[in-house]
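A short write-up of the structure that comes next.
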Amino acid sequence: MAESGAANWFVMGVDLGSTTAKVAIVDAAGAMVGSKIVQMGAVSREAVRVAMESALEDAGITQDDIVRTISTGYGRKLVPSDKTFTEITCHARGAAALFPGVRLVIDIGGQDSKAIAVDSDGLVDRFAMNDRCASGTGRFFDVLSRALEVPIGEVGDLAMAGSNELEVSSMCATFAETEVISLLAQGAETADIAASVHKAVAARTLGLVAQVGKASPVVMTGGVAKNRALVHFLSEALRLPIEMLDEPQIAGAYGAAIIAREEHLGNVALAAADDATATQFAAGLADAVPHCADCDGQLGLHANHGPVPVTIATRPMVGARSGGREL
Ligand code: ADP
C-alpha cells in the first residue's frame, strides 16, 4: 500500500493511443505514484486492463483507492472512466505539470503529430495537427525501422551517426518505404538514409509548429520524443532547445490524471475548455481536405483505419480554445 499522507485518495489517467496503452496514477498531493506503458498490436481493451492493473500494482494500491479516472487518446471511449478529455488538453496539462512554464508542446505519437501552444496557466491556447497521414508520425518511423532492419529504439542513434545529405523526396509512409529500399539498393549507407529521413521529418514538423507560432520553452511528448535524432534535428530546425522529459510517452496519461485530481477538487472549468478544444478538433477533421501529394489519394485509407496510412490533410487542422486566435 502506498504511504498514506493527510489525504489518501488517488486518481487515474489512461491514455489509449494507436500503439500503446498508458496509465498514470497520481496521489492527493498531485505526485505521480505509479505508471505503466503497454505496447499493443492494435487498440485493445485487454491492453488497457493490463496497463491499469500494472499501474495500480506499481503504486501499491487497488482500484478501490481510485476516486476518479479520466481517459484520453484515440481509443479513450473504450476505457472504463468517469470522463474523457482530448489528448490535446491532456498532453498540454501533462507537459505543463512535468515542465512548468512550457509554452509549446510538440506531441508525436503512433499515428498523428500535434503542435500545441500553451498559455501561462498551462491551458491549450491553440493547436495544429496532422492525423490523416503517417508522415512524420511514429508509424512513419516504424516503417523506416522495418525497412532498415533496425529496432525502433535504435533508429535515432543510427541517424545521429550518419550524414543527412541524401535527397528524400517522399514523406508518405508507403512511398518512403519504397524510396528507402531503393536507396539501399543503390548502396547508400543505412545511417545516411536514417539521418536524411529524420532531417526531412523535422522540416515537416516545423511547418506544423508554424501554424501555431514558435514559442519557448518547448517540450516534446509522445513516444517519438524518445527518438534523440528527431529531437536533435527538430531543435536545429526550430533554432530552439527542446526540453527532454524523463518519460515523454506518459505525458498524456499523467495530464489526464492531473485533470482527474483537479476535477475531484472541484475545478470544473477544465471540462468547458476541453469541450471547446474538442469542437475545434471535430471541425478541423470535417473541414480538412484529405489529399496526399505523394499517392494522390489513390491508396485512400485513413491512417486510423488500416495498415496502409496514406491520406494527408494538405492544410493542418488548426484550432483554438475560446478566446484564442484562429490561424
Ligand atoms: P500512441 O499514443 O498513438 O500509441 P505513442 O505516443 O505511444 O503513440 O508513440 C508510439 C510511437 O513512438 C511508436 O510508433 C514508435 O515509433 C515511437 N517510439 C516508441 N518507443 C520509441 C523509442 N524507444 N525510440 C524511438 N521511438 C519510439
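Coordinate-derived values only; no laboratory data. Since this is a predicted model, take the numbers as computed values, not measurements. Here the Cβ is made from the backbone with ideal geometry for all residues, glycine too, and neighbour counts use every protein chain on show.
Brief remarks on what is shown
- Taking amide H positions as modeled 1.01 Å from N, with prolines and chain starts lacking one, no residue 5 or more places away or on another chain lies under 5 Å from SER216.
- Converting phi to 3J(HN,Hα) with the Karplus coefficients 6.51, -1.76 and 1.60 and the offset θ = phi - 60°, the range 134-146 yields 6, 4, x, 9, x, 4, 4, 5, 4, 5, 4, 4, 5 Hz in sequence order, with x at every glycine or proline.
- Debye-formula intensities of the range 211-254, expressed as log10 I(q)/I(0) at q = 0.23, 0.25 Å⁻¹, are -0.81, -0.92 (one equal scatterer per alpha-carbon, no solvent).
- Stretching the chain fully between LEU265 and ARG146 yields a gain of 38.2 nm (0.36 nm per residue, less the alpha carbon separation).
- Residue-span extension gain [ARG239 to ALA7] - 0.36 nm each, minus C-alpha spacing: 79.1 nm
- Here's how it looks for PHE10: its modeled amide H is under 5 Å from those of VAL67, which are all 5 or more places away or on a different chain.
- Look at the alpha carbon pairs under 8 Å that are at least 6 residues apart: their mean separation over the length of the range 143-283 gives a relative contact order of 22 percent.
- Using a simple spin-label model with pseudo-atoms 7 Å out from Cα toward Cβ, GLN39 and ASP246 lie 2.3 nm apart.
- In terms of overall dimensions, the C-alpha atoms belonging to the range 20-69 reach 35, 18, 17 Å along their principal axes, ordered largest to smallest.
- nm² value of the averaged projected area, convex hull over the Cα atoms of the range 105-145: 2.8
- Solvent-free Debye scattering, log10 I(q)/I(0), computed from the Cα coordinates of the range 90-164 at q = 0.12, 0.13, 0.15, 0.23 Å⁻¹: -0.44, -0.51, -0.64, -0.95
- Per-residue extension of 0.36 nm, minus the Cα-Cα distance of ALA188 and MET160, leaves a gain of 8.5 nm for this segment.
- For the range 1-133, the alpha-carbon radius of gyration amounts to 1.06 times the rule-of-thumb value 2.2 N^0.38 Å expected for a compact globular protein.
- Exposure proxy for PHE85, PHE233, PHE99: other Cβ atoms within 10 Å of each Cβ, ordered fewest to most, give PHE99, PHE233, PHE85.
- Mean projected area (nm²) of the alpha-carbon convex hull when the range 145-207 is viewed from all directions: 4.0
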